[in-house]
Each structure stands twice: as structure tokens, then as C-alpha cells.
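Asker: The structure follows.
The values are calculated or read from the model by the stated rules, or taken from the named source; none is laboratory data. Predicted model only: the values in this text are computed from it and were never measured. Because the Cβ atoms are built from the backbone with ideal geometry, glycine has one as well, and the counts that use them run over all protein chains shown.
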């Protein structure tokens, strides 16, 4: 793959396609250092891979990336581009929620190069964790996920890629005229009941997300036999914690309860109906 990336150095679209094909294996790939790739090309590719990984919004993998970026043995010429890639892939408006404050952050903030320290500050502005004193009182507490919930999140990430990513995209920002953003959306981080109903029966008609009105028809997943209570809870847990969203996870029992309550519903919900829910 390094040879393919090197050969596509002057073809950004081809290189972007190659990078996206590494989804899920970026960390292992980043650790490779083949002789046939120049130091400059290595830095560029590592930066782009870091951005692609961060856009997936998986806290565990972003934390692993920070571990790699802070390693003393890392080629100094790659450290700064790697951090710059992380900065591009995360949002200061919606900091990614990690399970705890990463100790690697202190390593980066004490680095001997001023540019690396500044990049570390920019990374710090794009992540948060339970008990983060920088969060304002109005931001609300973000609790750490249990091991069971972390496993549900990981499974949800994979199911999201299979079921939802074509429309809502790997970064959760959606696609113009097709699918609204999930990142930073109160429809995702707000009422669990409302979100489960949208996932089960779908939604149609005008719907305001942020400052944009969408007129859409999203089919529900209730007719999909693969969408068990556990699998649907996994997807919803993922979207409520990915891309800087900090809402509580969804339990399979919650999905089952709403499924039973709405089993006679045949049509998608409207925004007006959903907004009447607690």
C-alpha cells in the first residue's frame, strides 16, 4: 500500500481513495516505515491518515493515535504533520469525548519544539473527558462508558459503516440534499425515545437540524431482521458518542421497550410528532 500511496503523490483524489480504504487499520499502517517512501511523503501520508481516522470519531482509536504521536521514537519529521492531521480531523466546537485525560497530552505539551507544543494545544481543544474542568457548567457532565458500553460502541461503529455511512458519511456531517448531520445534532443527543423511534420507523417531512431545514424521507430499520435490539442500540450508542457527541449510550432494553410501544406504527414519524415526546 505504501508503494501505491507513493505512486499517487501527485494525484490527491486517488490518494484519498487509497487512504479511505485503510479504514480500521490506520494505526498499524502508520507504524510502518518502508524504505521506498521518502520522509516527506511519509509525513504527508501519515497526516492524511490521522485526519481520516479522527473523522470516524472513535475515541479508542483516536487515543491510540495520540499514543503513537507522543512516542519518543517517532520520526521527528512526522510528529508535527501527524498532530496537524489530528487537528484537521477533530472539531473544537464538538470536542471528542475520551474515557479519561490522555497522559500523552502532557508529553506533547512539554515537547522541545514550539510548533509541536502549539499543535498539542490545538489537539487539547478538540478532546474532552469525564471531569474535564474546562467544560462550562452548562455543558453537562459526560460519564465514562462501561466496558460493556465500550464494546457496544465498537460494534455500533462497524454496523454504522454497513448501514448508515453511505448517507451520513464517515464524519457524521451528512450529505447536502440527502442526509442531515448527526454530529452536533440535538435529534441525536437529545431524547432517547425520539431517536429510537426515528431509527425504528423513520422520519419524513420538514425537519430542522441546527439552522438548516431538511425535507426528507428516511426509512426506518424496523423491517430489517438484522436490526435486533442489541444491534440498533449499538448503532445509536455509537452516533451519540462519536464526532464529539457526548450523550449517554442506549441500552438494548430501551430499544425493545420503544419497539413494543410503537409496534402498530406503520408510517414514518413527522418532526411535529417527535417534538411532542419527552
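Asker: Can you tell me how many residues within region 228-272 are more than 22 Å from residue 147 (Cα to Cα) and either at pLDDT below 95 or not in a helix (DSSP H, G or I) (or both)?
Answerer: Here is the first cut: in region 228-272, the ones more than 22 Å from residue 147 (Cα to Cα) are 257-272.
Subset that is either at pLDDT below 95 or not in a helix (DSSP H, G or I) (or both): 262-272.
Selection size over region 228-272: 11.
Asker: For region 76-101, give me the residue count where each residue is in contact with a helix residue (DSSP H, G or I) (Cβ under 7 Å, 6 or more places away or on another chain) and closer than 22 Å to residue 237 by Cα. I'd like the intermediate steps shown before the answer.
Answerer: The first filter runs over region 76-101 and keeps only residues in contact with a helix residue (DSSP H, G or I) (Cβ under 7 Å, 6 or more places away or on another chain), leaving 77-90, 96-99.
Next, from what is left, pick out any that are closer than 22 Å to residue 237 by Cα: 89-90, 96-99.
Looking only at that region, the number is 6.
Asker: Name the one entry in 172, 184 that is at positive phi and either crowded, with 20+ Cβ neighbours inside 10 Å or part of a helix (DSSP H, G or I) (or both). Walk me through how you get there before you give the answer.
Answerer: Numbers: 184 fails: either crowded, with 20+ Cβ neighbours inside 10 Å or part of a helix (DSSP H, G or I) (or both).
Step by step, each of 172, 184 is checked, and only 172 is at positive phi and either crowded, with 20+ Cβ neighbours inside 10 Å or part of a helix (DSSP H, G or I) (or both).
Matching residues to (1) loosely packed, with under 15 Cβ neighbours inside 10 Å; (2) touching a residue at least 40 places away in the same chain (Cβ under 8 Å); (3) under 18 Å from residue 50 (Cα atoms):
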{"residue": "86", "(1), (2), (3)": "no, yes, yes"}
{"residue": "100", "(1), (2), (3)": "yes, yes, no"}
{"residue": "105", "(1), (2), (3)": "no, no, yes"}
{"residue": "133", "(1), (2), (3)": "yes, no, no"}
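Asker: Now for a separate question. Test of understanding: among 179, 139, 125, which residue is modelled with pLDDT of 90 or more and closer than 29 Å to residue 207 by Cα?
Answerer: Criteria check complete, one pass: 179.
Asker: Within the group 161, 152, which residue is in contact (Cβ under 8 Å) with a residue 60 or more places away in the chain, part of a helix (DSSP H, G or I) and crowded, with 17+ Cβ neighbours inside 10 Å?
Answerer: From the options 161, 152, the qualifying one is 152.
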